[in-house]
1. Tell me, in nm to one decimal, what length is gained between ILE17 and GLU30 on full extension, where the rule is 0.36 nm per residue of separation less the Cα-Cα distance?
2. Provide the net charge surrounding SER53, with neighbours chosen by a C-beta distance below 13 Å and charges set as Lys +1, Arg +1, Asp -1, Glu -1.
3. For LYS56 and GLU8 in one chain, what is 0.36 nm times their gap in residues minus the Cα-Cα distance, to one decimal in nm?
4. Tell me the net charge near LEU32. Cut-off is 13 Å between Cβ atoms, LEU32 excluded, with +1 for each Lys or Arg and -1 for each Asp or Glu.
Amino acid sequence: MKNSTLFEKIKNSTGQIALLIYPEKTNSIEQLDALLSVIKKNEIDLLFVGGSSATKKQMKFAVNHLKKNSDIPILIFPGS
């Protein structure tokens, strides 16, 4: 999904589904791939990535993997 499509949905007040991913709890390729499979089946519109205890390395790993394997917009969640 392109950002312009996401912004249009928000502007038009249509429903959106966002998912918060904690990088410290999904720290392997297998876990992220399993999560991506569920995300794609359920038409998630937006991914929040972050958490209060995630390290920079965990954030980078999760965000890079999600970006490489999905076109869903990613927002870094506060506290990261």
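Values in this text are rule-based calculations from the coordinates and carry no lab data. None of the values given here were measured: they were computed from a predicted structure. Heads up, the Cβs are rebuilt from the backbone with ideal geometry, glycines too, and the neighbour counts pull from every protein chain shown.
1. Full extension of this stretch gives 2.4 nm more.
2. Here the charged neighbours net out to +2.
3. On the way: separation 48, 0.36 × 48 = 17.28 nm, distance 3.18 nm.
Between LYS56 and GLU8, full extension yields 14.1 nm more.
4. Values: positive: LYS25, LYS40, LYS60, LYS67, LYS68; negative: GLU24, GLU30, ASP33.
Value of the local net charge: +2.
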